[in-house]
Amino acid sequence: MILAPRIRGMRHLGVLLAFMAFSLAGALKVIVWTPDLSQVVAYGEVRGGVMQLRAASTYVGSVSVVVSFEPGEAKQYPGLASGYSGLLEKEKLSLNAASGRVILSTLLQRWNIPVQWLK
């Protein structure tokens with residue numbers, strides 16, 4: 001009788017570990033602001049291994065981008081800054097990175113995170 005709860009618990013442990021493995025990048029978030037930080041024009045987060053972005057308006061122009069992740073996750077994203085200036089054009093977000101201008105989808109390829117714009 002003592003083994004049954006352990007076996008049952010181990011099954012749940014496997015589910016928990018699988019959930020944790022699929023949500024490793026789940027806390028990575030992006031908020032895109034107008035340069036004066038007066039309005040959010042796009043936002044998104046990683047869900048199921050995909051950065052899902054949604055435009056909050058039809059804004060096109062210069063932006064300030066804030067990238068956030070859970071404490072302790074910075075090691076998973078070496079070289080990823082917490083903020084960028086950039087340009088938003090329809091479903092294309094270009095960032096001014098240390099290496100030059102780069103599209104968000106190109107930047108996130110380094111961590112195998114595709115970008116999807118939601119309607």
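The set of residues in region 58-82 that are loosely packed, with under 13 Cβ neighbours inside 10 Å and assigned to a strand (DSSP E or B) contains only Gly61. List the pairs whose first member sits in region 108-119 and is surrounded by 13 or more Cβ atoms within 10 Å (Cβ to Cβ), whose second member is of a type in the set (Ser, Thr, Tyr), and whose Cβ atoms are under 7 Å apart, counting only residues at least 6 apart or on separate chains? From region 108-119, the pairs are Trp111/Tyr77; Val115/Ser105. For region 36-57, the candidate set comprises residues that are in a strand (DSSP E or B) and closer than 17 Å to Leu87 by Cβ; within that set, the residue that is modelled with the lowest pLDDT is Ala55.
The single condition among (1) assigned to a strand (DSSP E or B); (2) within 16 Å of Thr34 (Cβ to Cβ) that Arg101 does not satisfy is (2). Within region 33-57, the residues that satisfy the criterion of being in contact (Cβ under 8 Å) with a residue 24 or more places away in the chain, surrounded by fewer than 14 Cβ atoms within 10 Å (Cβ to Cβ) and not basic (Lys, Arg) are Pro35, Leu37, Gly48. The residues of region 1-35 that are aliphatic (A, V, I, L, M) and at pLDDT 50 or above, listed by number, are Ala27, Leu28, Val30, Ile31, Val32.
The values are calculated or read from the model by the stated rules, or taken from the named source; none is laboratory data. Quick caveat, the model's predicted, so the values are computed rather than measured. A quick note on method: Cβ atoms are made from the backbone with ideal geometry, for glycine too, and the neighbour counts reach across all protein chains shown.
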